[in-house]
1. Based on this model, can you work out whether Gly100 counts as modelled with pLDDT of 75 or more and either β-branched (Val, Ile, Thr) or within 22 Å of Arg28 (Cβ to Cβ) (or both)?
2. Of all residues in segment 14-61, which are among the β-branched types (Val, Ile, Thr) and without any contact (Cβ under 8 Å) to a residue 12 or more places away in the chain?
3. Quick one: in segment 53-84, of everything that is at pLDDT below 85 and loosely packed, with under 12 Cβ neighbours inside 10 Å, which residue is farthest from Val26 (Cα to Cα)?
4. Considering only segment 89-96, I want to know if a residue exists there that is hydrophobic (A, V, I, L, M, F, W, C) and at pLDDT 85 or above.
5. Taking the condition of being closer than 24 Å to Ser6 by Cα and of a type in the set (A, V, I, L, M, F, W, C), how many residues in segment 99-108 meet it?
6. Could you count how many residues in segment 49-87 are closer than 18 Å to Ile12 by Cβ and of a type in the set (D, E, K, R)?
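The values are calculated or read from the model by the stated rules, or taken from the named source; none is laboratory data. Here the structure is a predicted model, which is why all the values come from computation and not from measurement. Here the Cβ positions follow ideal geometry from the backbone for every residue, glycine too, while neighbour counts run over all protein chains shown.
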Amino acid sequence: MRMMCSHQADAILCAKQVEALQSDLVARLMLLEATVHAKTAVPTAQVFPHFTGLSKLWAGFQDEMVLLSILNNMVVSLRPFLTAQSHLLLEGQLEAMLDGADIKSDDDRLSAGGQCSVQYSLASGHHNYLRTAGF
């Protein structure tokens with residue numbers, strides 16, 4: 001369940017990033033409109049930086065789309081497992097079986113096993129890192 005909460009937190013961060021990208025996109029488009037306005041010809045030096053900025057924003061949107069897709073696929077893949085597990089044992093039965101057992105949390109495993117970073121590349125060429133616990 002903690003993993004699902006972590007994925008939910010990641011999705012919330014993605015949503016905030018998309019909101020920031022949207023506001024940046026609106027601002028960039030307004031600057032571009034102010035630069036071009038009703039002119040039939042505009043020097044490249046004036047508009048090129050705006051299009052470069054738009055390109056970076058678009059790449060950011062693509063990165064967030066890829067990350068949200070990965071998170072969605074993980075949640076969809078985990079849903080049948082969690083449903084099956086919830087039907088196998090009632091909560092009281094599980095607690096009785098684990099009585100007296102030393103159960104480590106994700107934080108305990110992370111601190112005991114160290115950390116490793118997994119680097120993956122996104123479509124835009126940016127590199128992101130996933131922090132995972134060593135088991």
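1. Numbers: modelled with pLDDT of 75 or more: yes; either β-branched (Val, Ile, Thr) or within 22 Å of Arg28 (Cβ to Cβ) (or both): no.
Considered against the rule, which asks whether it is modelled with pLDDT of 75 or more and either β-branched (Val, Ile, Thr) or within 22 Å of Arg28 (Cβ to Cβ) (or both), Gly100 comes out as no.
2. Correct list: Val26, Val36, Thr40, Val42, Thr44, Thr52.
3. Looking at residues that are at pLDDT below 85 and loosely packed, with under 12 Cβ neighbours inside 10 Å, I get Ala84.
4. Restricting attention to segment 89-96, the residues satisfying the condition of being hydrophobic (A, V, I, L, M, F, W, C) are 89-90, 94, 96.
So of that shortlist, the ones also at pLDDT 85 or above come out as none.
Looking through segment 89-96, none of the residues is hydrophobic (A, V, I, L, M, F, W, C) and at pLDDT 85 or above.
5. 1
6. 2
So that you can scan it fast, the table gives a plain yes or no per residue for (1) exposed (fewer than 14 other Cβ atoms within 10 Å of the Cβ); (2) among the acidic types (Asp, Glu); (3) at pLDDT 90 or above:
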| position | (1), (2), (3) |
| --- | --- |
| Ala11 | no, no, no |
| Gln17 | no, no, yes |
| Gln22 | yes, no, yes |
| Val26 | yes, no, yes |
| Leu32 | no, no, yes |
| Ala38 | yes, no, no |
| Pro43 | yes, no, yes |
| Phe48 | yes, no, yes |
| Phe51 | yes, no, yes |
